[in-house]
Every structure is written in C-alpha cells, then in structure tokens.
Amino acid sequence: MTTRSTGRDDQPGSDLAGQDQAARIWAAMRDLTETYPSKEVLRAALNLGRGSGRVKALQWLTEGPMSLSALAEAVRVDAPYATLIVDSLEERGLVERRPDPADRRRKLVALTPEGKEAAQRVLRIKRDPPPGFANLSPAELDTLEGIMRRLTAGLPGTTG
C-alpha cells in the first residue's frame, strides 16, 4: 500500500517527513555520542585538567608516534596549542619526544607505557554504554544492533 502525499510536508507518507525524522534521529545519535561520556568524566579519570585536547591527543597517539604538526592537525588545534598539549602530557609522563629516524631535525611524540595505559582507560570509558541502555530489553538491543549493522555496512573503518 502506498500513502499519497497530501501536499503537506509533515504527513507520514511524505518524503520530507521521513527526512525530518531521519535528521532528528541522526541528531540524537550524534548528541549522544558527542556528550557521553562527558569530557569531565574523561578528564577526571585521567587527571588531565580542563580541555579535551589532551584526551584526543592520547587517542591519536595510540596509532603510533606522530610529528607535532601531524598531531596538531589530527586534534584540530594550531601548532602552538599542540605544543602546550604535548608539554602537559610529557610533564605527566604520558608521552615522550624522540628524534624522527627519517629526519633527525624533527621530533616525534610517542606514548610512554603510562600513556598507553591512560589511552586504554579512555577507550574503556568510551565503550561503556550510557545508562539508558540498561532500560532496553534483549530484543530491543538485538533490533538496535541489527539497525546499526545496516547503517554502518560498507563504511570505512567498520566491520559487519
């Protein structure tokens, strides 16, 4: 059965109503992932102070050592602020600067063993689902998992 559009964009059968609903759901999903866990929770767990750049830097450095300019680009900050982030992480013993084997004039920033542990803590915190998931039944979680697999199928960096 097809629903005829009445010319009103808010009718259930209209394409715009579906687009609006999809946009609302997408916005809610983005809001959830961007706000949970809160930046405050992450900073408190790592004792990193204000600002989320340190947490982001730790996460990027799990990929391997990076130049300061590459780290600045990845974290989306300017080079002077990236230097402050690295200085702060270095003072805490989470990163170290080392010579770049390809260019001895350049330094690479790398995680220390303590930094690797801190980055793993961030990952564990981020993978812990929001409390609302406990309110979902196993059947609802199965449905949600199936929907997420369909939504992410074929996206770069996803499996499933």
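The values are calculated or read from the model by the stated rules, or taken from the named source; none is laboratory data. Everything numeric here is computed off the predicted structure, so don't read it as measured data. For neighbour counting, all protein chains shown are included, and Cβ atoms are generated from backbone atoms with ideal geometry for every residue, glycine included.
Tabulated data
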read-out: Test: Ala139 is at pLDDT below 95 and either outside any strand (DSSP E or B) or among the acidic types (Asp, Glu) (or both); value: no
read-out: Residues of the stretch 90-123 classified as among the hydrophobic types (A, V, I, L, M, F, W, C) and either part of a loop (DSSP other than H, G, I, E, B) or at pLDDT below 95 (or both), total; value: 6
read-out: Count of residues meeting criterion [free of Cβ contacts under 8 Å to residues at least 60 places away in the same chain, surrounded by 11 or more Cβ atoms within 10 Å (Cβ to Cβ) and of a type in the set (A, V, I, L, M, F, W, C)] in the stretch 124-146; value: 4
read-out: Matching residues in the stretch 42-61 - criterion: being part of a loop (DSSP other than H, G, I, E, B) and under 10 Å from Val75 (Cβ atoms); value: Ser52
read-out: Tabulated pairs, the stretch 99-111, first in contact (Cβ under 8 Å) with a residue 24 or more places away in the chain and within 19 Å of Ser88 (Cα to Cα), second part of a strand (DSSP E or B) and among the hydrophobic types (A, V, I, L, M, F, W, C), C-beta under 7 angstrom, 6+ apart or interchain; value: Leu108/Met66; Val109/Met66; Val109/Val95; Ala110/Val95; Leu111/Val95
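A quick yes/no check of all residues on (1) loosely packed, with under 12 Cβ neighbours inside 10 Å; (2) at pLDDT below 80; (3) touching a helix residue (DSSP H, G or I) at 6+ places or on another chain (Cβ under 6 Å); (4) not hydrophobic (A, V, I, L, M, F, W, C):
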| position | (1), (2), (3), (4) |
| --- | --- |
| Thr2 | yes, yes, no, yes |
| Gly7 | yes, yes, no, yes |
| Gly13 | no, yes, no, yes |
| Gly18 | yes, yes, no, yes |
| Arg24 | yes, no, no, yes |
| Ala27 | yes, no, no, no |
| Asp31 | yes, no, no, yes |
| Pro37 | no, no, yes, yes |
